[in-house]
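First up is the structure itself, then whatever we jot down about it.
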Amino acid sequence: MLLARYDQAPVAALTTALRRVLGRPDAAWPELLAAARFTDTRTAALLVGDERALDALAAELNEIRTLDAGMTSDR
């Protein structure tokens, strides 16, 4: 149910979900993306609100309830 309001406010819904997944209840969207250690390209797309990137993250979180290590980098 973390993503129940995704259609109305995707970044807000993903922020709520990432806060839970990453254990950072007070973190802002940019901080959560940095903590998730996504690739620079993925982070940039999420920061500008790219619909495909947001949808992919929502699907990832909805389907597996965690972050795909293959979608992150060792920055």
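The values are calculated or read from the model by the stated rules, or taken from the named source; none is laboratory data. All figures in this text were calculated on a predicted structure; none of them were measured in a lab. FYI the Cβ positions are ideal-geometry reconstructions off the backbone, even for glycines, and counts take in every protein chain you see.
Structural remarks
- Residue check, THR43 over 19 Å from GLU63 (Cβ atoms), at pLDDT 95 or above, crowded, with 17+ Cβ neighbours inside 10 Å and among the β-branched types (Val, Ile, Thr): yes
- Close Cβ contacts (under 8 Å, 6 or more residues apart or on different chains) running from residues in the range 45-66 that are on the phi < 0 side of the Ramachandran plot to residues that are of a type in the set (A, V, I, L, M, F, W, C) and modelled with pLDDT under 90 comprise ALA58/LEU3; GLU60/LEU67; GLU60/MET71; LEU61/LEU2; LEU61/LEU3; LEU61/LEU67; ASN62/LEU3.
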